[in-house]
Number of protein chains: 2
Amino acid sequence: MTLDCPTPHHEDEFVLLGHGAGGRLTAELLDRLVLPALDAGSGPLEDAALLPGRPDLVISTDSFVVSPLFFPGGDIGSLAVHGTINDLAMRGAWPLALSVSLIVEEGLSLTELRAVMESLGKAAQEAGVPVVTGDTKVVGRGAADRLFVNTTGIGERHELLRPSAALARPDDVVLLSGPIGLHGTTVLSTRENLGFATDIASDSRPLHRLVRSLAPLGEAVHVLRDPTRGGLAAALNEIARDSRVAVEIEESAVPVPQPVASACDLLGLDPLVVANEGCLVAFVAPEAAEPALAALRSRPEGESAVRIGQVLPDGPSGRVTLRTLVGAHRIVDMPLGEQLPRIC
Amino acid sequence: MTLDCPTPHHEDEFVLLGHGAGGRLTAELLDRLVLPALDAGSGPLEDAALLPGRPDLVISTDSFVVSPLFFPGGDIGSLAVHGTINDLAMRGAWPLALSVSLIVEEGLSLTELRAVMESLGKAAQEAGVPVVTGDTKVVGRGAADRLFVNTTGIGERHELLRPSAALARPDDVVLLSGPIGLHGTTVLSTRENLGFATDIASDSRPLHRLVRSLAPLGEAVHVLRDPTRGGLAAALNEIARDSRVAVEIEESAVPVPQPVASACDLLGLDPLVVANEGCLVAFVAPEAAEPALAALRSRPEGESAVRIGQVLPDGPSGRVTLRTLVGAHRIVDMPLGEQLPRIC
């Protein structure tokens, strides 16, 4: 029997850190390698997929590799619960159940593992979502970095909500439920010991109740997206691409907390590309903008919700622009993807 | 803000390789740490869980960390598809959809990644199960060993099949669908370059069609289990424990291929504890034993199905015994779990 073990043809064809960062490199890897192999359709890549034959149910999966495991405002356990709940919520779904799968490095202390699992259990309980099944693998020292956590979730769609990244329309209003940049800068500051960790904390939290508050607006809610890897810049670019519209946002309207701005200055980062774990972007029909804003602000996790921009009536398909404080325009590119590894 | 980062209290409280091997250490880790943290019930641990409020649907998750990535008879991609399909099948379910989540080490060749993904896609297609959603994370060199793959599956239960590890009954007949030990010895031989890899191949394959062939027998099919980590010994011990029965198997009836026996001799392994990825154990009511055997043998993946034992009418709860070729009895213990790391 021969062993079908391939050898690389080109020295430069190797996976790069940026392939996992949620930007252009990730999109390329998916488009050129993963999706063709899976014979997947060419539709928009959503945060969660509809279950075949069960259009009321959605499924979403995420593997969490954040480093360090514990950071101000959360840890890999609570993050894994919130992240998957939020991916379900972005398809207009209420979470029904989660699975949890662990890959543990030999030698991790049981105290730390217990702390992660208790945080995970508490996050699930507070969100009202049961963990119904799981798996645990252990690999030798050096074969993994401490602990990786996969969560997969099943959700049931709200009857009237049918958001999709492909449904943005000209004149839609773009809403943002809270300030940006907290999660990414917090994890990076903690990992690199930059000292910001005393001022900021991750915004990691579940958004399913916030999405439920939008449910009465039904199909006027065109797009929901949580700007995680690649930040607001990646989320808006994906929506503009999948909906074939042009999006313009106002720099002055995007809430960037002062410690985030300071950290980004020091690190040479644009807050627009920094990962968030507790806010969402909504594209809604113009007449639904005010009720949607009121609905978001009615919940604690949406109390800082603001209008940040609009879909241009006839701009170039796929383009995202920022109107700066002085009235100039600049293109908001899809981030390439190398900036912030292991943020989630 | 203080950082809730725990420090271990006891020097000896660390995760061991054996905690992930599917034996007693795994059970201890689950019982003492994972399940209490998740506030999970004390019911039997099944291969797949029922979805709350949707008793016709089951969900199962598995992270695959097999090393090497490619081995005779399969690779991490096909294994990840078969493994999760089989876990669903053991709850009497037909797979509806899979999610796939990758953790890739920086520097893995795209050629190898493509080969894994193509194998995964082919396995899913041959099984008739769509991959509907996924996730890709990349971690730095040394933070993972090449590639880990999580698959989570949703399945729909056959109307009449309701197997559970807790449903074995006195006088049940124990059936085995094929020879044991092939997967574990193949992976180990390949990894350690032992030279057996020319004689044997993994039995990795999907068992959902085999289970479907049992569906007409309905509730006479009490238990289905695929003896993966921990092998037949772990599977039978779990069933005996969860059903509170005594199980006896005949050594002469358990099919062990000659190359598996040779490899186990050399490695000092008991074939009963070696992982399988393409056979199942069925506990069926006595009157259903012959039709069940005929149904299993009607499919290529069950053509070597045999009767290997029975549930004793009144043996001690939780005990598994082997009747040897000379008529003696020996206890088949739950394996401790340190023998075969990273087999799946």
(message) I'd like the accessible area for A:CYS344: 1.4 Å probe, protein heavy atoms, all chains in place, Å² to the nearest 10.
(response) 10
(request) Within 10 Å of each Cβ in peptide B:74-85, how many partner chain Cβ atoms are there on average? Round it to a whole number, please. (result) 1
(message) Amide H of B:THR321 versus every other amide H placed in the peptide plane: which residues, excluding those fewer than 5 positions away on the same chain, fall under 5 Å?
(response) B:VAL247, B:GLU248, B:ILE249, B:VAL332
(request) Using packing as a proxy for protection, rank B:319-326, A:185-192, B:177-184, A:120-127 so that the peptide with the highest average count of other Cβ atoms within 10 Å comes first. (result) B:177-184, A:185-192, A:120-127, B:319-326
(request) Provide B:LEU207, A:LEU160 ordered by accessible surface of protein heavy atoms (probe 1.4 Å), highest first. (result) A:LEU160, B:LEU207
(message) Rounded, prolate or oblate for the range A:173-331? Axes are the square roots of the Cα gyration tensor eigenvalues, ordered a ≥ b ≥ c, and the cut-off for rounded is a/c under 1.5.
(response) oblate
(request) With a/c under 1.5 counting as rounded, go ahead and sort the range A:75-195 into rounded, prolate or oblate using the C-alpha gyration tensor (a ≥ b ≥ c being the square roots of the eigenvalues; past the cut-off, prolate if a/b is larger than b/c, else oblate). (result) oblate
(message) Using a Gaussian network model on chain A with a 10 Å cutoff between Cα atoms, which of A:PRO216, A:PRO52, A:PRO316 fluctuates the most?
(response) A:PRO52
(request) Determine how large the accessible area of A:VAL132 is when every protein chain is in place; take a 1.4 Å probe and give Å² rounded to the nearest 10. (result) 40
(message) Please report the accessible area of A:TRP94 (heavy atoms, 1.4 Å probe, ligands and nucleic acids excluded) in Å², nearest 10.
(response) 70
(message) On a 1.4 Å probe surface of the protein chains, which of A:GLU118, A:GLU248, B:GLU159, A:GLU156 comes out largest in accessible area, and what is the full order?
(response) B:GLU159, A:GLU118, A:GLU156, A:GLU248
(message) Rounded to the nearest percent, how much of the accessible area of the range B:153-238 (1.4 Å probe, protein heavy atoms only) is carbon and sulfur?
(response) 45
(message) Just to make sure I understand: if all protein chains stay in place, what is the order of B:SER109, B:SER252 by accessible area at 1.4 Å, largest first?
(response) B:SER252, B:SER109
(request) Give me the accessible area buried between chains A and B, both sides summed, with a 1.4 Å probe, in Å² rounded to the nearest 100. (result) 7400
(request) Partner chain Cβ atoms within 10 Å, averaged over the residues of A:59-70 - can you pull that number for me? (result) 6
(message) Which three extents, in angstrom, do the Cα atoms of the protein assembly as shown have along their principal axes, listed largest first?
(response) 92, 50, 45
(message) How shielded is A:245-258 by partner chains, expressed as the average number of their Cβ atoms within 10 Å of its Cβ atoms?
(response) 0
(message) Rounded, prolate or oblate for chain B? Axes are the square roots of the Cα gyration tensor eigenvalues, ordered a ≥ b ≥ c, and the cut-off for rounded is a/c under 1.5.
(response) rounded
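The values are calculated or read from the model by the stated rules, or taken from the named source; none is laboratory data. Keep in mind it's a predicted model, so treat the numbers as computed, not measured. Quick reminder, even Gly has a Cβ in these numbers, built from the backbone with ideal geometry, and neighbours come from all protein chains shown. What goes into the accessible areas is simple: the full protein's heavy atoms, side chains included, and nothing from ligands, DNA or RNA. Shrake-Rupley method; radii C 1.70, N 1.55, O 1.52, S 1.80 Å.
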